[in-house]
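Please read the structure below before turning to the comments.
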Amino acid sequence: MLLDESGLINERFHSEFAPAEAMDALWAAGWRHFGQHFFRYNFGLHAGQVMRVLPLRIDLKRFAFSKSQRRNLRRNAGLEVTIGPLGVTEESRSLFERHRLRFTEGRPERLEDFVPATATSSPCEAFQLSIREGDRLVAESYFDLGERSSSSVFAMFDPAITAAGLGIFTLLKEIERSLDLGLDHFYLGYAYDRESFYEYKKRFRATEYFDWKGNWREFQNG
C-alpha cells in the first residue's frame, strides 16, 4: 500500500448535535456519520484488498439527469413517494431484514447502526424517503440536510424487486429534492478507487471526489 502526503487518516468522534453549517463543513472535509457517530477514513478493506476511499459529491449547479436515470424515473413514476422527518418503523425494520440478505460480504446487522430510530436522536436534520407499491413498502432511504448541501446516509429496497432499479431511484429522488431546495452539493458518500459494490455512485454527472488534501476535484469515471 502506497500512501501519499495525506498519510493514513482514520478519525472519529461522537456528537449529539451539529448545526446545519457545521454539517456542510464536515461533509466538505470528507466526514460521514451514522447517527451520532462521526467518522472519516481514506483507506478501506474490500474483497481482501486495501483500497483508497473516495468521498463523492455532486455539484448540483452543473448536474443533469442522464438518459438512463430519466428512464428510471419514468419506470417508477407510478410508485408512491413520500418524504418526511426521520422515523424508523417496524415496517422499515422488516424491509431492512429482507434487504440485508443481499450481502455476502460485510452484511449489515441492524438498521439502527446506520440511522437513529427517531428524528430527535439525530445530530442534524434528517429525512426518510419511503417508496410504496400500493400499501407495500418496497424501498426506503435516509438523507441529511445541511445549510447549503445534503447527504445520502443509507438506502434499502426489497430484493425481490430487482428490475425496477429502486436503489438508484431513491438516490434520484433525493437529488430531485436537493435541486428543488436550491442546494449547492449532494454528497453520495464513500466509494473506492477500484471496482466494488459502490460503482453505482460513480455514474452521476458533475461528480467530484475529495483528494484528502482539502480539495474537491472533477471525477472521471474510466
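Counting only residues that are of a type outside the set (D, E, K, R) and touching a strand residue (DSSP E or B) at 6+ places or on another chain (Cβ under 6 Å), which one in the stretch 172-188 is surrounded by the most Cβ atoms within 10 Å (Cβ to Cβ)? Checked the stretch 172-188; the qualifying residue surrounded by the most Cβ atoms within 10 Å (Cβ to Cβ) is Tyr187. In the stretch 175-207, which residues are of a type in the set (A, V, I, L, M, F, W, C) and either farther than 17 Å from Ala20 by Cβ or part of a strand (DSSP E or B) (or both)? Ile175, Leu179, Phe186, Leu188, Ala191, Phe197, Phe204, Ala206 - these are the residues of the stretch 175-207 that are of a type in the set (A, V, I, L, M, F, W, C) and either farther than 17 Å from Ala20 by Cβ or part of a strand (DSSP E or B) (or both). Within the stretch 39-54, the residues that satisfy the criterion of being within 16 Å of the chain's Cα centre (by Cα) and crowded, with 18+ Cβ neighbours inside 10 Å are Arg40, Val53, Leu54.
Condition check ((1) within 13 Å of the chain's Cα centre (by Cα); (2) of a type outside the set (A, V, I, L, M, F, W, C); (3) modelled with pLDDT under 95) across all residues:
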site	(1), (2), (3)
Phe143	yes, no, no
Ser152	yes, yes, no
Ala160	no, no, yes
Glu174	yes, yes, no
His185	yes, yes, no
Asp193	no, yes, yes
Tyr198	yes, yes, yes
Trp212	no, no, no
Asn221	no, yes, yes
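Out of the residues in the stretch 76-93 meeting the condition of being without any contact (Cβ under 8 Å) to a residue 12 or more places away in the chain and over 23 Å from Glu176 (Cβ atoms), tell me which one is surrounded by the fewest Cβ atoms within 10 Å (Cβ to Cβ). Restricting to residues being without any contact (Cβ under 8 Å) to a residue 12 or more places away in the chain and over 23 Å from Glu176 (Cβ atoms), the top hit is Glu90. Condition test on Arg74, is it in contact with a Lys or Arg (Cβ under 9 Å, 6 or more places away or on another chain) and either among the charged types (D, E, K, R) or in a helix (DSSP H, G or I) (or both)? Answer is no for this residue. Only residues that are within 28 Å of Ala18 (Cα to Cα) and either in contact with a Ser or Thr (Cβ under 7 Å, 6 or more places away or on another chain) or in a loop (DSSP other than H, G, I, E, B) (or both) were counted in the stretch 155-174, giving 4. Taken over the stretch 96-144, the residue count meeting the criterion of being β-branched (Val, Ile, Thr), surrounded by fewer than 18 Cβ atoms within 10 Å (Cβ to Cβ) and in a strand (DSSP E or B) is 1.
Against the definition (at pLDDT 95 or above, surrounded by 18 or more Cβ atoms within 10 Å (Cβ to Cβ) and in a helix (DSSP H, G or I)), how does Gln69 come out, yes or no?
Spelling it out, Gln69 is indeed at pLDDT 95 or above, surrounded by 18 or more Cβ atoms within 10 Å (Cβ to Cβ) and in a helix (DSSP H, G or I).
Screening Thr162 against (1) closer than 23 Å to Gly30 by Cα; (2) surrounded by fewer than 19 Cβ atoms within 10 Å (Cβ to Cβ); (3) not acidic (Asp, Glu) leaves a single unmet condition, (1). Within the stretch 163-180, identify whether any single residue is in contact (Cβ under 8 Å) with a residue 24 or more places away in the chain and touching a Pro at 6+ places or on another chain (Cβ under 9 Å), and answer yes or no. Within the stretch 163-180 (the criterion being in contact (Cβ under 8 Å) with a residue 24 or more places away in the chain and touching a Pro at 6+ places or on another chain (Cβ under 9 Å)), the answer is no, since none of the residues qualifies.
The values are calculated or read from the model by the stated rules, or taken from the named source; none is laboratory data. Remember, predicted model here, so these are calculated numbers, not experimental data. No Cβ is skipped: glycine too gets one built from the backbone with ideal geometry, and neighbour counts run over all protein chains shown.
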